[in-house]
Amino acid sequence: MTTNADNTHNTPPADEPLALRLSEGLGAWLPIATAPRDAEVLLWVKVAVGTPLVVQGCWYSDEDIGDAGWIDTNGTSWPVTHWMPLPAPPLSA
């Protein structure tokens with residue numbers, strides 16, 4: 001993040017990933033090992049090529065087939081590295 005004398009807000013440089021710039025002000029990204037497995041959260045996804053993603057998702061586990069992992073709201077599994085709580089909804093539309 002950068003600051004200057006004319007701007008009291010932290011402003012991410014334009015070359016930072018859009019996902020990071022959109023998450024500014026929400027709080028700190030936490031290691032995924034500390035994420036709750038009983039609630040939806042924001043997930044930081046590191047992709048092999050391209051810009052990292054921020055998705056809303058939750059922990060999924062199906063003991064019958066031995067499958068578990070972090071999925072987004074569409075059921076897509078992701079290689080998640082960090083998380084943060086969902087922000088509060090807006091007070092008005």
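Any idea how many residues of segment 52-77 are touching a Phe, Trp or Tyr at 6+ places or on another chain (Cβ under 9 Å), closer than 17 Å to residue 38 by Cα and in a loop (DSSP other than H, G, I, E, B)?
1
The requirement of being modelled with pLDDT of 80 or more and either within 13 Å of residue 83 (Cβ to Cβ) or outside any strand (DSSP E or B) (or both) is satisfied by residue 42.
All conditions but one from (1) of a type in the set (D, E, K, R); (2) surrounded by 11 or more Cβ atoms within 10 Å (Cβ to Cβ); (3) at pLDDT 65 or above apply to residue 16; the one that does not is (3).
Per the listing 10, 74, the residue uniquely at pLDDT below 60 and polar (S, T, N, Q) is 10. Inside segment 45-66, residues that are among the acidic types (Asp, Glu) and modelled with pLDDT of 90 or more make up a count of 0.
The values are calculated or read from the model by the stated rules, or taken from the named source; none is laboratory data. These figures come from a predicted structure and were not determined experimentally. Virtual Cβ from ideal backbone geometry, glycine too; neighbours counted across all protein chains shown.
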